[in-house]
Amino acid sequence: MESIGVLMACPMSSYLEQELDKRFNLYRFWNFPQKNEFLTQHANSIRAVVGNAFAGADAELIDSLPKLEIVSSFSVGLDKIDLNKCKEKGIRVTNTPDVLTEDVADLAIGLMLAVLRRICECDRYVRKGLWKTGDFKLTSKFSGKSVGIIGLGRIGLAIAKRAEAFGCPISYHSRSEKPNTNYKYYSSLVELASNCQILVVACALTPETRHIVNREVMEALGPKGVLINIGRGPHVDEKELVSALLEGRLGGAGLDVFENEPEVPEQLFGLENVVLLPHVGSGTEETRKDMADLVLGNLEAHFLNKPLLTPVV
């Protein structure tokens, strides 16, 4: 398969990059500043695109690659891929579900604990020698807090299971009520936010879920409520989030994702009730290797005319 051209949209995994280089004719898109010239020159050589949560395959890229057969995403999210265009052209699409579920769910719980127990602030308190001047202030308990989850898919369910172990009542909002669960369902997101103390964003990013957490939802969550986002940055109206936190209309936030990554609103940097992470939900060595192996497995299956491992389209 060394003659098959594969376009890697951006740097994402050194292991994946090395393995792609061994098996295919790999083009590293970021090494070509003149994108249009590169695409014109190599359009007929590229039969696969590998993307991730930051760069994928939009309509323009797909149209510029007439020989494209498959887009394999090093991510569970599909918002960087024009799925309609892929369906129209018969291009297969795969992603990496399941293998990252546990890590993302673990991190969501970690963010809840970090925000409520002020773990990051406590760490700075000790490092600055302030403990010698007196005990740290009291924080807020996590166990028993009511947790509302937006999106009860694989990751949402994994978060719910973990939160239940802390004695947290679970409720959720999604497009429809899920069968085989005892969690309380709210058809209205505002109602969910009004009836929980911690609101977790764990749904897929679609045009319908963009800014799903808006001012009204934040107002419903209230000055003691905590927002956790391990979904996608555009799920949350970031300007409204900043103002709600600065004005004390929201109690705190744990954020692994942002609207314009890697840009983060500087107003958040001085807030001790906010924990900021650089989109590391799946960022463990074990999971990133599993994700890379899924990307490789899907590509090999496609080009060997075998069933795809995790087909989306």
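The values are calculated or read from the model by the stated rules, or taken from the named source; none is laboratory data. The model shown is predicted, which means the values in this text are computed figures rather than measured ones. Please note: Cβ atoms are built from the backbone with ideal geometry, for glycine as well, and neighbour counts cover all protein chains shown. Surface accessibility is based on the protein's heavy atoms, side chains included, excluding ligands, DNA and RNA. Shrake-Rupley method; radii C 1.70, N 1.55, O 1.52, S 1.80 Å.
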**Asked** In the set 217, 213, which member is within 20 Å of residue 163 (Cβ to Cβ) and under 16 Å from the mean Cα position of the chain (by Cα)?
**Response** 213
**Asked** Of all the helices (runs of 4 or more DSSP H) wholly in the range 56-134, which have at least 1 residues that are touching a strand residue (DSSP E or B) at 6+ places or on another chain (Cβ under 9 Å) and open to solvent by 60 Å² or more (accessible area, probe 1.4 Å)?
**Response** 83-89, 119-127
**Item:** Filter pass, residue 73 being in contact (Cβ under 8 Å) with a residue 60 or more places away in the chain and among the polar types (S, T, N, Q)
**Value:** yes
**Item:** Number of the condition not met by residue 40 [criteria: (1) in a helix (DSSP H, G or I); (2) surrounded by 17 or more Cβ atoms within 10 Å (Cβ to Cβ); (3) of a type in the set (Val, Ile, Thr)]
**Value:** (2)
**Request:** Sort through 19, 69 and tell me the only one that's under 25 Å from residue 279 (Cβ atoms) and of a type in the set (Asp, Glu).
**Result:** 19
**Request:** Working carefully through the options 231, 167, 248, find the one that is buried (at least 21 other Cβ atoms within 10 Å of the Cβ), part of a loop (DSSP other than H, G, I, E, B) and touching a residue at least 24 places away in the same chain (Cβ under 8 Å).
**Result:** 231
**Message:** Being in contact (Cβ under 8 Å) with a residue 24 or more places away in the chain and farther than 23 Å from residue 232 by Cα is true for just one of 8, 1. Which residue is that?
**Reply:** 1
**Message:** Restricting to the range 184-203, give me the number of residues that are open to solvent by less than 70 Å² (accessible area, probe 1.4 Å) and in contact (Cβ under 8 Å) with a residue 40 or more places away in the chain.
**Reply:** 9
**Message:** Step by step: first the residues of the range 278-294, then only those that are closer than 23 Å to residue 265 by Cα, in contact (Cβ under 8 Å) with a residue 60 or more places away in the chain and surrounded by fewer than 17 Cβ atoms within 10 Å (Cβ to Cβ), then the one that is farthest from the chain's Cα centre (by Cα). Which residue is that?
**Reply:** 283
**Item:** Unmet criterion (only one of (1) under 23 Å from residue 262 (Cα atoms); (2) open to solvent by less than 30 Å² (accessible area, probe 1.4 Å); (3) not in a helix (DSSP H, G or I)) for residue 16
**Value:** (3)
